[in-house]
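Let me begin by presenting the structure, written as structure tokens, before commenting on it.
Just so you know, all these numbers are worked out from the coordinates, no wet-lab data involved. Just so it is clear, the structure is predicted and the values come from calculations on it, not from any experiment.
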Amino acid sequence: MSIRKAAAALVATAALTLGALATTPSLAAADPEGGQAQAAPVAAEANHYPYRGRVLGNSVVYKRAAPTTRSDILGWAKSGTIVRIQCKVIGQNVLGNNRWYRVPVRGGYGYMSARYVLNLDQIPFCRR
């Protein structure tokens, strides 16, 4: 076999192998509590939170347990950060805006006041 043909065969094999790897779901790391690794959906967060928003303000915006400023704080996002959004709900009025965005937090979801998040996509209302 000539060197050209061997090189072409090697490139073709590499391309097929890389193509197969790219379409295979990635494996999640082993469960820290000793469980087995399971196939993780590719871009799972993007699928459940397909919309985006940019955090406004000078500091941070809190992620809360319910769409009200009186609920527990579950996390926060710094100003300028792009956050993932699932949908919007009606909640407490914050400076003239009563819409809140459902966003991911560790272990589930929380809410961020739309008053402090500029939606980069058209955000639908959450289904009941």
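Straightening the chain between Arg52 and Trp76 buys 7.1 nm, computed as 0.36 nm per residue apart minus the Cα-Cα spacing. Residue separation of Asp121 and Gln92 scaled by 0.36 nm, minus their Cα-Cα distance, works out to 8.2 nm of gained length. Anisotropy class assigned to segment 46-128 is rounded, per the alpha carbon gyration tensor with a/c under the 1.5 cut-off. Remark: segment 57-68, residue by residue, has Karplus-estimated 3J(HN,Hα) of x, 9, 9, 10, 10, 7, 9, 10, 6, 9, x, 8 Hz, where x stands for each Gly or Pro and the curve is 6.51 cos²θ - 1.76 cosθ + 1.60 at θ = phi - 60°.
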